[in-house]
Structure formats: structure tokens, C-alpha cells
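Novice: Let me give you the structure first, and then I'll get to my questions.
The values are calculated or read from the model by the stated rules, or taken from the named source; none is laboratory data. These numbers were taken from a predicted model, which means no experiment stands behind them. No Cβ is skipped: glycine too gets one built from the backbone with ideal geometry, and neighbour counts run over all protein chains shown.
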There are 2 protein chains.
Amino acid sequence: MTHPFHAVILSGGNGERFWPLSTPDRPKQFLTVFGGKSLIRQAVDRLAGVVPMERVIVVTAETLVSATREALPELPEENIVAEPCRRDTAAAVATACGVVEARGGEDAVAAILTADHLMGDVKAFRRVLRDARDAAAKTDCIVTMGVTPNEPATGFGYIRVGRAEPLGTRTVFFRAAKFVEKPCEKTAKRYLASGKYVWNAGMFVWKVRTMKGALAAAAPELASLEAAIAAAQAPGPVMAKVYPDLPRISFDYAVMEKFPRILVSRGDFGWDDVGTWAAVDKHLRTDARRNVVRGPVTLLDCEDSVAVAEGPAIAALGVRGIVVVSTADHVLVAAKDRVQDLKRVLAEITSRK
Amino acid sequence: MTHPFHAVILSGGNGERFWPLSTPDRPKQFLTVFGGKSLIRQAVDRLAGVVPMERVIVVTAETLVSATREALPELPEENIVAEPCRRDTAAAVATACGVVEARGGEDAVAAILTADHLMGDVKAFRRVLRDARDAAAKTDCIVTMGVTPNEPATGFGYIRVGRAEPLGTRTVFFRAAKFVEKPCEKTAKRYLASGKYVWNAGMFVWKVRTMKGALAAAAPELASLEAAIAAAQAPGPVMAKVYPDLPRISFDYAVMEKFPRILVSRGDFGWDDVGTWAAVDKHLRTDARRNVVRGPVTLLDCEDSVAVAEGPAIAALGVRGIVVVSTADHVLVAAKDRVQDLKRVLAEITSRK
């Protein structure tokens, strides 16, 4: 039996966390500030040798289709699946399942992947992805690529790891004992110390047949969407009709937390969700005073700062722990320890308009 | 005997202290950020009722002539005297004297005024200016409009005040006992405490005959320049020929410190030289958290900061004691207590180009 392997990259985002460089029309995955190539370009490139380009599918908002084409010119046009409105990840996964079934049947295997994360160790990522593909093909489980936590992060969901499931792969898979939402810091510390939790990085692999069963059991309206898309010539018309009435709900919440057969790996492939401006010094080169600089920037006696000039050139003098970003339309100056409140600034700007 | 009264506004500057809003092509006197009208416009407007427009003369760099015309459209064209190159204030004052003599003869009186300072109390300024005019007309003294210091500033020269000279004016004039250069802080504190010093604000009034004598005694080449301009149809050709060979020297140094007959008043008309970005909160309206804001600016939890958006809109989050300025070409972010090093930043930027 063959299990043609597809990669479905969910490419959404509202462009708030890296504002003003990111905007609703150009969310984080299109930024090139993290390593020269855009994150979505990196997400596709790291599939080389694992998933051929004709089986790479991007599910994104209609408003981002042209940016996606520009970022990924060699991706077949029909591999960009445009959502007519935002309905969170449950709808996107059901859509993806329908598209993959239409192309590869019920034995096809697909990975749901992210468009806007960094993987520091691409080789290790590919190994885990291949092993997850094999595990999904030979079992009736959804196989989640968990990430070993290295700090008590409160920004991610966690998965409690159960007993190991011997599958003969180099990567060891475990039964997922429990999905938990973003914890408070105290709980996160406990999770980290216990060694029994991994981060839920939103990447999971499944056989179409398995996903169909999971949808049917947990979310009948999503199962209908999937079936309609699988039977259609193209997903567009079905989505246009069905999407507006779908609830906004995450796949974790709609399906994953209820599904009994989930495997999880403990990944360690340098995964980073590139969460905020304050965190970019973790993965971008810094100068001797721990500053990160991009574009025409002049620093004098600055420390621990981030300066990204995409618009006017930036000159900074004697500042510390500051993020400065320029675009043609906006300048952001923020204390690093306050960037989590960027949304409040955007709300303020929007309310003034 | 009539003493037609002229005002000569020296309008130079290299645009460094308020960079990037100010530039060599648009030094501080052209900025409108300090009160809606440009400082040079304010300098002319505050002469209303004291000096008629046809007797207001602006001495400026050739490169600033068109900006000056734009800022002062009603100023007669021939009242803008363009210096072919920068030669500091001594040459500018000698030129001014020649121009005033050509127009009003040796009995004419002229005030040398500044283009880029604020006067908080215009009424008081006018009173002192009129009294200085009368003092200059009826004596053979150069009459300096000193400013009572209110802090131990190290950025200005000081004048030691001698005995009072009864002239029958409402303003009391004193003999200037000594001109001293910018002091160190310790000395400045001593000056302030003594009550015997005033700031040298660069404003002084004189009769043409008096100035000619002072130039002849202290700086023969400037006396020649003055005489040539006084005899010429227009100052331009003389200046083009003479200026390049003149030394770069301030009028204080070339003439004032040597001239025996100087009167000085103790002014208190809200004079402010608007020295740096860090000091603008002294004369611009601040919000409840002592921020100064100009243009499209959104602040969230910021304190003691200055945000001026002439280019891209500025959003600032959680910063304190910071100056942020945007123009179409540059963004400056500086700690307030470091703005005195702005020249170093500009030197760095220039050296990279």
C-alpha cells in the first residue's frame, strides 16, 4: 500500500507581534528579517527531499494569496488553498484533509506544518518528520511532533507524554496522555521540571482515513466540509459556501483534545516560534553589546537593543533594552520587556483612526 | 538727530542639535516644532512695533536664502544678505554694519539679534530692545542685552556686570566688566551664586559710528569690509571677493572682549536658546507624564519622553527619558541624557557614507 506524503502549511496570522514590519497584509511568515529568506520560504525549503513541491499545499487567507505566490513562485497555483474568511485551525485542517483525499485517497498521509517558525536543526526536523509520516502510515493515530521545552514558557500549549509506543522508527513515539492549554508560569515550571511534558508546536501528521474518523467523531460539520472538498473538483466553491457559517475554533480544541489515539515525539530540532521582537536576539546574530541590527542602523553606546530599519535609517544613542523598528509608515520604539503589550498599542492606533 | 533703527538677524547654524528634524539645509530657525511658527518667523514677528519690516535684515548663508524667503515672504529681497561662506559672527556683524550704514548713515542704530531662540515674554523683550536702542543712540557704547541666569549653564558665555550707568531708560544698564567664555560647571555655579553675571545671549545694539570705531580698533580687515560694503551699491560683490580670505572668528572674540565701552542689561524676558531635544519640555506643553508629543504619535506607558513625528507615525511603548524623532529619511532614538553626543552620531553616519 502506498501512502503519498503531503505537507500542508497553515499560513495565517494577523501580523501583530512584529508590527510595524508585519501587518495584516504581510504577517510574520513573509518577513525576511529572520535569516534573509522569508519564514514561509524556509518552511517550504526545509521539506526538500521529504515532500516534493507538487505535494506541498499552503492553506492561507484569500488576502495573502498573492504574497504567497510571490514568496513561493514555483508552488503550483492549485496548491495554494485560499480561505474566504478566518475560521481558526479546525476548519483549515478539515479543508486540508479534503484536498489531500481528493489528490491521494484515504491512504495518503499529510503533515500539518507551520509557516512562521524557525527550525535550527533542519536535519533533525526532517528525520522526525519522516518518522512521523511512517508512524501515521502504519497506525491509526494522529502523530504530533512535540518539542522538548527548554524554559517554562507560558505562551504554548503542552502535551503530557505517556508510555512509549514501539514502532521501529529512529524517533521514539509516545502515547499522548493529555493536551493542556497555555499554563501559568508556576504550572509551566512544574511541567518543565517533571520532564513529562512537551510543547505543542502545532505540527502533526495523519493518514486521511484517520483524520476522517477523528473529524466524524468530534466535529460532524467539519467532516461534512472535508467530504465535500474531497468530492469536489476544486475546494474553492465548497469553502465559499461553508466557511462563513463555521465556528472559529482551533483544531486542538475541536478534535485533538478528544481524540483517543495520539502519538507524540519529543523533538529537539531547534524549534522557535519567533514570538516577539524582544526574543529575536535568540536567533539573530548580535554585536558585542548584544544588539541586533538590520538595515541602515547607526548605534552609539547602545546595549541589548534591537534596531530594524526597513523605512528611514535608524540612529540610536545611549539606549538599552529597546526595540526600534522603522517602516515607510510607522516607527515603533518599545521597551523590550513590554513588547507583549504591542497589541494594546495597535488597538489604540486603530481606535484613533 | 535721527537714529533709524535696524534689526539684523543672524541666521546661521549647521542643523546638528535638532537632527534629524534640523539639517544643514534646514537648521533650527526653520523648525516649526517650537510653537507652530518657525523660530525665524517668531524672531521677525516679535519686532512688530519696534522695527519696521523694511529695516529688518537677515544675514544668512547663501544655501539658506530660499528657505529664508519662504519663511519670511514679506521681507524685501534685498534685506536678505547672503554670506558666500561661513566666517562666524565677526564677519557677519561687520557686513551688517556696512549694510546699515549704506542705508541709514553713521547715526543709524542696529540690533544684532538671533534667529533661533525663543522669548517667553515678548513685551519685556521689546521694552529692553527699545531701551537698548536709546542707550546705543545716546552713548558711544555697544549695548548688550544680557540674560539673568536661572541655572549654572555651561553652554553660554557670561558677562560680569559692573556699575550701573544712569541713562534715564526704564531698563537699567551697567558697564560690562568682563566677557567670559563658556565656564565649567563649578565656575558657572559660582557665577550664578554671585548674582554678578548675566548670560551673553548674542544680542547687542550699536550705532554705526560706534561699531565702525570698534572694528577699526580691533579688526582692521573687518573695518575694511564694512567700509567697502557701506560704499557699494549692494553687499554681494564685496562679500564674494572678501569673505573667502576672512578668518573664522566670533564677534565676541574679535571685538567685544577688547572694546572698552560696553553696556549690559539684566534681561528677564523668558529667553531660551532651545539647546537640545532633551530641553524642549521646558517650553513645549507636556502631558500628565511629562511627555512632549508632536505629529502622529501614540504613547503607551511612556514617561519624560519626546516624540516628534514628521515622517512615519511614531508608536512608543513603555519607554522613559527617550527622544524619538522621525523624518522621511531618518529616525533618531536617544536617551535624553545623551543628546549632547548627537554630533558624534552624525559624524559616525557621515563617515560611513
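Novice: Could you check A:Leu225 against (1) within 23 Å of A:Val99 (Cβ to Cβ); (2) surrounded by 18 or more Cβ atoms within 10 Å (Cβ to Cβ); (3) out of contact with any helix residue (DSSP H, G or I) (no Cβ under 8 Å at 6 or more places or on another chain) and say which number it fails?
Specialist: Tallying (1) within 23 Å of A:Val99 (Cβ to Cβ); (2) surrounded by 18 or more Cβ atoms within 10 Å (Cβ to Cβ); (3) out of contact with any helix residue (DSSP H, G or I) (no Cβ under 8 Å at 6 or more places or on another chain), A:Leu225 fails exactly one: (3).
Residue-wise test of (1) modelled with pLDDT of 95 or more; (2) within 11 Å of A:Ala94 (Cα to Cα).
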{"site": "A:Leu215", "(1), (2)": "yes, yes"}
{"site": "A:Leu222", "(1), (2)": "yes, yes"}
{"site": "A:Pro237", "(1), (2)": "yes, no"}
{"site": "A:Lys258", "(1), (2)": "no, no"}
{"site": "A:Leu263", "(1), (2)": "yes, no"}
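Novice: Residues to consider are B:Ala96, B:Ala82, B:Ala48; find the one that is in a helix (DSSP H, G or I) and in the same structural domain as B:Gly155 (by TED's automatic domain parsing). Don't jump to the end; show me each part of the working.
Specialist: On the way: B:Ala82 fails: in a helix (DSSP H, G or I); B:Ala48 fails: in a helix (DSSP H, G or I).
B:Ala96 is the lone residue from the list that is in a helix (DSSP H, G or I) and in the same structural domain as B:Gly155 (by TED's automatic domain parsing).
Novice: For the range A:159-171: of the residues being part of a strand (DSSP E or B) and β-branched (Val, Ile, Thr), which is farthest from A:Met256 (Cα to Cα)? Write out each step before concluding.
Specialist: From the range A:159-171, those part of a strand (DSSP E or B) are A:159-165; that's our starting set.
Applying the additional criterion that residues be β-branched (Val, Ile, Thr) yields A:159, A:161.
Values: A:Ile159: 11, A:Val161: 14 Å.
Among those residues, the one meeting the criterion is A:Val161.
Novice: If you check B:Phe174 against the conditions, is it under 12 Å from B:Gly146 (Cβ atoms), modelled with pLDDT of 95 or more and either among the polar types (S, T, N, Q) or not in a helix (DSSP H, G or I) (or both)?
Specialist: Working: under 12 Å from B:Gly146 (Cβ atoms): yes; modelled with pLDDT of 95 or more: yes; either among the polar types (S, T, N, Q) or not in a helix (DSSP H, G or I) (or both): yes.
Spelling it out, B:Phe174 is indeed under 12 Å from B:Gly146 (Cβ atoms), modelled with pLDDT of 95 or more and either among the polar types (S, T, N, Q) or not in a helix (DSSP H, G or I) (or both).
Novice: Would you please list the contacts, defined by Cβ atoms under 7 Å and residues six or more apart or on different chains, that run from a residue in the range A:82-95 that is within 12 Å of A:Leu10 (Cα to Cα) to a residue that is assigned to a helix (DSSP H, G or I) and of a type in the set (Lys, Arg)?
Specialist: No pair meets every condition.
Novice: Here's another thing I want to ask about it. Going by the conditions given, is A:Ala188 assigned to a helix (DSSP H, G or I), out of contact with any Cys (no Cβ under 9 Å at 6 or more places or on another chain), in the same structural domain as A:Ile9 (by TED's automatic domain parsing) and loosely packed, with under 15 Cβ neighbours inside 10 Å? Walk me through it before giving the result.
Specialist: Numbers: assigned to a helix (DSSP H, G or I): yes; out of contact with any Cys (no Cβ under 9 Å at 6 or more places or on another chain): yes; in the same structural domain as A:Ile9 (by TED's automatic domain parsing): yes; loosely packed, with under 15 Cβ neighbours inside 10 Å: no.
Judged against the criteria, A:Ala188 is not a match.
Novice: Within the range B:99-115, work out how many residues are part of a helix (DSSP H, G or I) and more than 9 Å from B:Ile229 (Cα to Cα). Even if it seems obvious, please write down each step before you answer.
Specialist: Quick first cut of the range B:99-115, residues part of a helix (DSSP H, G or I) only: B:99-104.
Imposing the further condition that a residue be more than 9 Å from B:Ile229 (Cα to Cα) reduces the set to B:100, B:103-104.
The qualifying residues number 3.
Novice: Of the residues in the range A:299-310, how many are surrounded by 24 or more Cβ atoms within 10 Å (Cβ to Cβ), within 20 Å of A:Phe34 (Cα to Cα) and over 27 Å from the mean Cα position of the chain (by Cα)?
Specialist: 0
This table checks each residue for (1) surrounded by 20 or more Cβ atoms within 10 Å (Cβ to Cβ); (2) more than 14 Å from every other protein chain (Cβ to nearest Cβ); (3) in contact with a Gly (Cβ under 7 Å, 6 or more places away or on another chain); (4) hydrophobic (A, V, I, L, M, F, W, C).
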{"position": "B:Trp19", "(1), (2), (3), (4)": "yes, no, no, yes"}
{"position": "B:Pro27", "(1), (2), (3), (4)": "yes, yes, yes, no"}
{"position": "B:Ala43", "(1), (2), (3), (4)": "yes, yes, no, yes"}
{"position": "B:Ala61", "(1), (2), (3), (4)": "yes, yes, yes, yes"}
{"position": "B:Leu64", "(1), (2), (3), (4)": "yes, yes, no, yes"}
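Novice: So, one more: Exactly one condition in (1) surrounded by fewer than 16 Cβ atoms within 10 Å (Cβ to Cβ); (2) farther than 17 Å from B:Phe259 by Cβ; (3) modelled with pLDDT of 95 or more is false for B:Tyr243; which is it?
Specialist: Tallying (1) surrounded by fewer than 16 Cβ atoms within 10 Å (Cβ to Cβ); (2) farther than 17 Å from B:Phe259 by Cβ; (3) modelled with pLDDT of 95 or more, B:Tyr243 fails exactly one: (1).
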